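Structure first, commentary second.
The values are calculated or read from the model by the stated rules, or taken from the named source; none is laboratory data. From a predicted model like this one, the values you see are computed outputs, not experimental measurements. Here Cβ is always computed from backbone atoms with ideal geometry, including for glycine, and neighbour counts include all displayed protein chains. Protein only, heavy atoms only, side chains kept; ligands, DNA and RNA dropped before computing areas. Shrake-Rupley method; radii C 1.70, N 1.55, O 1.52, S 1.80 Å.
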Amino acid sequence: MGRALGTLCCCLALLALPAAPRGSALRPGGPSADTTCKNRPLDLVFIVDSSRSVRPEEFAKVKTFLSEMIDTLDVGERTTRVAVMNYASTVKVEFPLRAYFDKASLKEAVSRIEPLSAGTMTGLAIQTAMDEVFTEEMGTRPATFNIPKVVIVVTDGRPQDQVEDAAASAQTAGIEIYAVGVDRADMQSLRIMASEPLDEHVFYVETYGVIEKLTSKFRETFCAVNVCAPGTHDCEQLCVRNGRSYLCDCYEGYTLNPDKRTCSAVDMCAPGRHKCDQICVSNNGSYVCDCYEGYTLNPDKKTCSAMDMCAPGRHDCAQVCLSNDGSYSCDCYEGYTLNPDKKTCSGVDMCAPGRHDCEQVCVRDDLFYSCDCYQGYTLNPDKKTCSRADCWAVTSSLITTEESCKCEAIAALQDSVTSRLEALSTK
């Protein structure tokens, strides 16, 4: 009962609104003449009560209501198709969905409708709509087209048959039913035949004289407003239509904030979110990969390979560069030693003690050396050791005693010098 009163109050409040100009739509928040609004495609059937309780002048108001409804619709073969049924104790299909595809022809056909006789067989009318109007032969589009099937019942009385079963069957078949009650209409019957939610499918007006006010309400209901048009929503990034409302979403790499409107960039470099081999660099909701020093990014833009750090121009070694897993170290040629800066090289003193194998004298020659002997000695064939020179062989021509003595003296001096030099070299 409370729900019925709520619906009644809602509909009565509607009557207090000023009459909207023909073709206008009453929007939440105030009236608006948005003539660009297009209703979604429908297969729409009006079922109007023309029983004896509906006076001729009242039935004329119903036909005006139908004509003004047609004006608000986007009528066409591929948009909204309209059929009208007239009922009392019998049911008459005034014209099916396939009959007219322009507003002028539809309104002309409506103007020719005449009321029937006594009786209010609402259930029979709904059943007839299912059996004879909502068929492909009569102009209903195939289910694969996903075109909504809609019925608007206009009545001022109480049904004289079982409307509940017929309405339930129609709704099971996918037909959406709106119930419009006028004057003495039975609210309980309206609720029984209407689709859920009832506060969106049940309407009531006190007299036929104000039924035209429902035109704007139905236009608002059927209007395919683009709720995601620029300036009509408060989504920061993406607006997604959801029936007659909308939801907000975010671009890839962003996540919707708790306010359900704004977006924040996702940390794409968080563990598990990226595919970088070494370094992930966050980049405004996305990411790019990079590599450690000494590595270069492969063509897949994800993995890294060690660079040849010893390639010309990549290192600062004076002589030898040794590659070492993305890095390098310097070395020197034989005969050179690495300086403390670990880059440059200096020549080694090959005649330093312990570096050569000369018996007597080491003579440096750039990076090499040669051996020599002291005076009175001669270099052996091994080019390292020395032997004392044979004074007698040298002075074999000496025949005097004086010269013989000189040779002996020279030999003795050489032995003394050699001993002295050997002693010095061991210190």
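How do the pairs read when you match residues in the range 206-225 that are charged (D, E, K, R) with residues anywhere that are open to solvent by 40 Å² or more (accessible area, probe 1.4 Å) and part of a helix (DSSP H, G or I), using Cβ under 9 Å and keeping only pairs 6 or more apart or on different chains?
Hits for this filter: 206/12; 212/61; 212/64.
Residue by residue through the range 153-173, note down the ones that are within 47 Å of the chain's Cα centre (by Cα) and of a type in the set (Val, Ile, Thr).
Across the range 153-173, the qualifying residues are 153, 172.
Residue 178 is checked against (1) among the aromatic types (Phe, Trp, Tyr); (2) closer than 15 Å to residue 46 by Cα; (3) open to solvent by 30 Å² or more (accessible area, probe 1.4 Å) and fails just one. What number does that condition carry?
Failing condition for residue 178: (3).
Of everything in the range 187-225, what is modelled with pLDDT of 85 or more, of a type in the set (Ser, Thr, Tyr) and crowded, with 22+ Cβ neighbours inside 10 Å? Give them in sequence order.
189, 204, 215
Report yes if some residue within the range 362-373 is at pLDDT 90 or above, assigned to a loop (DSSP other than H, G, I, E, B) and over 53 Å from the mean Cα position of the chain (by Cα); otherwise report no.
Yes: the range 362-373 contains one or more residues that are at pLDDT 90 or above, assigned to a loop (DSSP other than H, G, I, E, B) and over 53 Å from the mean Cα position of the chain (by Cα).
Check residue 275 against each of (1) charged (D, E, K, R); (2) modelled with pLDDT under 85; (3) closer than 22 Å to residue 297 by Cβ and name the one condition it does not meet.
Of the numbered conditions (1) charged (D, E, K, R); (2) modelled with pLDDT under 85; (3) closer than 22 Å to residue 297 by Cβ, the odd one out for residue 275 is (2).
Please specify each residue of the range 106-133 satisfying the condition of being free of Cβ contacts under 8 Å to residues at least 24 places away in the same chain and more than 17 Å from residue 64 (Cβ to Cβ).
Residue satisfying the conditions is 131 alone.
Sort through 280, 269, 291 and tell me the only one that's of a type outside the set (Ser, Thr, Tyr), open to solvent by less than 80 Å² (accessible area, probe 1.4 Å) and touching a His at 6+ places or on another chain (Cβ under 6 Å). Give the derivation first.
Values: 269 fails: touching a His at 6+ places or on another chain (Cβ under 6 Å); 291 fails: touching a His at 6+ places or on another chain (Cβ under 6 Å).
280 is the lone residue from the list that is of a type outside the set (Ser, Thr, Tyr), open to solvent by less than 80 Å² (accessible area, probe 1.4 Å) and touching a His at 6+ places or on another chain (Cβ under 6 Å).
Looking at the range 73-129 only, could you name the residues that are of a type in the set (A, V, I, L, M), open to solvent by less than 40 Å² (accessible area, probe 1.4 Å) and in a helix (DSSP H, G or I)?
106, 109, 110, 125, 126, 129
Exactly one of these conditions fails for residue 31: (1) at pLDDT below 90; (2) under 26 Å from residue 146 (Cβ atoms); (3) not polar (S, T, N, Q). Give me its number.
Of everything listed in (1) at pLDDT below 90; (2) under 26 Å from residue 146 (Cβ atoms); (3) not polar (S, T, N, Q), residue 31 misses just condition (2).
Mind checking whether some residue in the range 227-236 is surrounded by fewer than 18 Cβ atoms within 10 Å (Cβ to Cβ), among the aliphatic types (A, V, I, L, M) and within 22 Å of residue 39 (Cα to Cα)?
yes
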